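One structure is given below, encoded as structure tokens.
No value in this document is a laboratory result; all are computed from the given coordinates. Since the structure is predicted, the reported quantities are computational estimates derived from the model, not experimental observations. Positions of Cβ are generated from backbone atoms using ideal geometry, with glycine treated the same way; all protein chains shown enter the neighbour counts.
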């Protein structure tokens, strides 16, 4: 599956490196049952008008505890991969806010949270996408599905990875035919105002820091404590977020 | 209402300053309809065994882009007030992660997010509380209601403030008699696994940074853009999070 995906991406004009990064993301999404973020996205990439195969993200500002990146036309997947590799190569001491402007599409945010958590870093990551979620009472779409992913390392080798989109379904589900566009509303039924509030709050947060051209905001820090093994013990076999 | 609340708090042994801070929080909660976090909490404070009236929070570590506070036995409300005042007096340049250990109870997190956003800072704030939320399929409680509050300033003077607890009801609702303990489950009905994942993810994040004795984690940053007026224009009168 991985080799086939890489071949298809190279045929679309991506470099060997970029095709490997993208294929790894899409295949992982398939394996975790997130098919809307999986191989179907390879066809979808062909339909994106502004994708430059040769674009590279750039670290445009750095301060202690802060980095600002610009996707510069690269696919958001590639920007987040480079952002994450940069955090692992130069871990924060003890914490860093990373703002990634012009970073879209970003795929399964839990994938990047897992990469960081497996490398020993606590993280929270959100990203904006086209406005698709209306207020539960109706009206125009006011927020993207704007997932929030959280990764926490564990001394037992199994990080906790929560990854929640604020939509009842994802746009990927709509793309893959698993859901209709009408189902793309804030999740929660009679409590959908809560998911709507999170989606709008994350939208405004990212827009205020990264700008309105879709971006990502990442908080990354060194853990001071190791709570996950205790959480797993309390859970006593209940499936925790991110477990297969 | 405010004066009466202050008198009652001073009668409980709080200083004039602390009584003013606490009364302002409880009365604001009442006025925003969050009665479970309102004046009922004054009676509840009397039942907390470890509340030291004279305890003061302390800034115990500071690095560029990072602060660590310790509640040192003070009420979480008082610690968050001092944390927020400290951010406003010495704003991050451009961003800061603030970890507040031993910080409980923290009340309506949107209150603190609003304080920061009205002072011109973007923020996201979460805090842990006693484990009350079980997995949607049952089992022991594995996470607190762990709200996430987001505040974004606006040039129109009306910041966006989203404040979402992961519970279907709050513990305050249970305390005030507005809900039963059985209703204290992750919100979302058939999608409750999403609210559960957020609650557990935030629990592990705070526990990894602040420790397991209940704490708060705040990201605070200077905004680079001003997205809220445009969001309000698109909303065309639809109520946005935090609006009255």
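Observations on the structure shown:
- By the equivalent-ellipsoid construction on the alpha carbon gyration tensor, the stretch B:204-244 comes out with semi-axes of 33, 15, 7 Å, ordered largest to smallest.
- Pairwise FRET efficiency - residue B:226 versus residue A:226, Cβ, R0 = 51 Å, nearest 0.05: 0.80
- Applying Stokes-Einstein at 25 °C and 0.890 mPa s to the Kirkwood radius of the stretch B:83-198, computed over alpha-carbon pairs, gives a translational diffusion coefficient of 160 µm² s⁻¹.
- Fraction of antiparallel bridges per DSSP, chain A only, in percent to nearest 5: 85
- Copy-to-copy label distances for residue B:63, where each label lies 7 Å from Cα along Cα-to-Cβ, are 1.7 nm in order of increasing length.
- Shortest-first nm distances, residue B:16 label point to equivalent points in other copies (7 Å, Cα→Cβ): 7.6
- Histogram of C-alpha separations across the protein assembly as shown, 20 Å bin width, %: 25, 59, 15, 1
- Distances, shortest first, from the label point of residue B:3 to those at the same position in the other copies read 8.3 nm; the point lies 7 Å along Cα to C-beta.
- Packing here is the average count of other Cβ atoms within 10 Å per residue, and on that basis the peptides A:223-233, B:213-223, highest first, run B:213-223, A:223-233.
- Residue of chain B nearest the B-to-A rotation axis [by Cβ], rounded angstrom distance: B:65, 1
- Computed from the Cβ-Cβ distance with R0 of 45 Å, the FRET efficiency linking residue B:15 to residue A:213 stands at 0.35.
- Summarising the label geometry, the points placed 7 Å from Cα in the beta-carbon direction at residue A:46 and residue A:236 lie 5.3 nm from one another.
- For chain B, the fraction of C-alpha pairs farther apart than 31 angstrom is 21 percent.
- Inter-centroid distance (Cα atoms) of the stretch B:1-56 relative to the stretch A:127-168, Å: 35
- Inverse mean reciprocal Cα-Cα distance (Kirkwood Rh) of the stretch B:144-244, Å: 15.8
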